[in-house]
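The values are calculated or read from the model by the stated rules, or taken from the named source; none is laboratory data. Please read these numbers as outputs of a predicted model, since none were measured by experiment. Heads up, the Cβs are rebuilt from the backbone with ideal geometry, glycines too, and the neighbour counts pull from every protein chain shown.
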Ligand code: HEM
């Protein structure tokens, strides 16, 4: 076969593939509306390789620069419209949310469980959301402060004198807090350990290639998920035998008049653990990095926290919820970390009908991605956006420009809990310890959320607390090892 002939065959094959995909996903623009500008890349693979061959944030920022705030692309087999303006994000997530449904790959749905609230819309979603929220509102969290504080104190204590990978350690921390919120601190130790062991196997396989063949990470994760489900059934059955009413998340889901099935309850428990863990852990990791890189800010923060520490008799009295509400600078540091890191760079929805936005057509079946990070890093809304500057939050951001927890019906119900974890961690960290980042400080890795390279190894030591500006070193640093 000569080269010309095989080239022609390849061309015809690609053209046929494109045609079939256009039939499946595409629609001819109706009326005056036209598709947004942008490029769709190669048939089927689209611009996926382009996206994964570089920092995804650079990919999206370059596209926005070239095409504006609404542009099209083709990723992971799906045609997509990207939206990089606050108005467009609000259009999709709030005002016209009924025209866009949540969409996740099948493999993720299978791993978490199809009944988890974030896969749903309408009545089932609202009912579940109300139940989940009821255990995450400030009134429910207030009583958890001493328990979260105890977890933080013991975690930091175990780091003392060691080098620890921050992200790994923070994952364990946010998992333990998740277990506390779900089971109210009354879970037997054997269950805790088994849940942790199996959850981390699921976590490892979650982002692996979805081939369910023995030996693969995906297969191991599916098996571990089965064990998790079985364990949750046992825990629920034990609770039913006791016949009491608990106020933790499991209690809310079990005792509600909603009559949820065990599958529905389990999927939502696993879902909350997933939603809560890597997100919170990534932001906590960035907080340590930003504070480390901004010594003057760290001094000011120490001063704020030492004031509270002294009031509490240098730790002899417990930290309270009310005190966390007085941490003004700390709050700004948390908000600025959420903006700078923008660990959830974007979210996905799917158009359920042909939708017109500002003269552009978003065809039915296309994915729609509000780009949170692009909005958070737009100098029009956040001056000098690459600078870590908590003082920018002295004035509230313009409406719909600050979306670390999303917006609308699917906005994060765990935002108060996540911030509470950050307040408590920062309080204990800066009043008792000093830390240094070990090794490379500028590179980023994605797993899938962005975190500093190698999960930010830090060496941490107990400091003298006689002066808020003290940085005296105590203890010796051992070899780098995973977080205890
Ligand atoms: C810093 C930490 C966190 C960040 C940045 C974060 C961010 C988000 C975002 C952006 C969404 C909306 C996604 C979308 O619209 O597609 C979301 C949803 C959600 N988050 Fe969080 N989250 C965090 C922590 C938590 C915690 C601690 C919990 C629970 C304890 C939690 C539970 C959930 C749940 C259940 C949803 C789905 C809500 C729904 O579909 O109605 N998140 N989160």
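Within the range 206-244, the set of residues being at pLDDT below 90, in a helix (DSSP H, G or I) and under 17 Å from residue 448 (Cβ atoms) comprises just one member, 206. Being assigned to a helix (DSSP H, G or I), surrounded by fewer than 15 Cβ atoms within 10 Å (Cβ to Cβ) and in contact with a helix residue (DSSP H, G or I) (Cβ under 9 Å, 6 or more places away or on another chain) is a description that does not apply to residue 111. Tell me, please, whether a residue that is within 16 Å of the ligand (Cβ to nearest atom) and either under 30 Å from residue 333 (Cβ atoms) or surrounded by 15 or more Cβ atoms within 10 Å (Cβ to Cβ) (or both) can be found in the range 240-248. The answer is yes; a qualifying residue exists. Criterion applied to 333, 283, 272, 328 was being surrounded by fewer than 21 Cβ atoms within 10 Å (Cβ to Cβ) and either away from the ligand (no atom under 16 Å from the Cβ) or touching a residue at least 40 places away in the same chain (Cβ under 8 Å) (or both), and the one residue passing it is 328. Among all residue pairs at least 6 apart or on different chains, which show Cβ distances below 8 Å where the first residue, located in the range 116-129, is farther than 15 Å from residue 263 by Cα and the second is part of a loop (DSSP other than H, G, I, E, B) and more than 11 Å from the ligand (Cβ to nearest atom)? From residues that are farther than 15 Å from residue 263 by Cα, the pairs are 127/258. Scanning the range 327-358 for residues that are assigned to a loop (DSSP other than H, G, I, E, B) and either farther than 28 Å from residue 309 by Cα or within 20 Å of the chain's Cα centre (by Cα) (or both) yields 342, 343, 344, 345, 346, 347, 348, 352, 353, 354, 358. If only residues of the range 104-136 that are near the ligand (Cβ under 10 Å from one of its atoms) and more than 15 Å from residue 411 (Cα to Cα) are counted, the one that is farthest from the chain's Cα centre (by Cα) is 135. Checking 361, 417 one by one, the residue that is surrounded by 20 or more Cβ atoms within 10 Å (Cβ to Cβ), under 16 Å from the mean Cα position of the chain (by Cα) and either assigned to a helix (DSSP H, G or I) or more than 16 Å from the ligand (Cβ to nearest atom) (or both) is 417 and no other. Put simply, of 38, 68 the only residue that is in contact with a helix residue (DSSP H, G or I) (Cβ under 8 Å, 6 or more places away or on another chain), on the phi > 0 side of the Ramachandran plot and at pLDDT 80 or above is 38. Need pairs with beta-carbon distance below 8 Å; first residue under 11 Å from residue 287 (Cβ atoms) and within the range 409-431, second assigned to a loop (DSSP other than H, G, I, E, B) and more than 6 Å from the ligand (Cβ to nearest atom); sequence gap 6+ or separate chains. Listed pairs, sorted by first residue: 423/327; 426/327.
Pairing residues of the range 32-43 that are loosely packed, with under 14 Cβ neighbours inside 10 Å with residues that are assigned to a loop (DSSP other than H, G, I, E, B), at Cβ distances under 9 Å and at least 6 apart in sequence or on separate chains, gives 32/359; 34/359; 37/68. Within the option set 51, 7, 12, being outside any loop (DSSP other than H, G, I, E, B), modelled with pLDDT under 75 and in contact with a helix residue (DSSP H, G or I) (Cβ under 9 Å, 6 or more places away or on another chain) holds for one residue only, 51.
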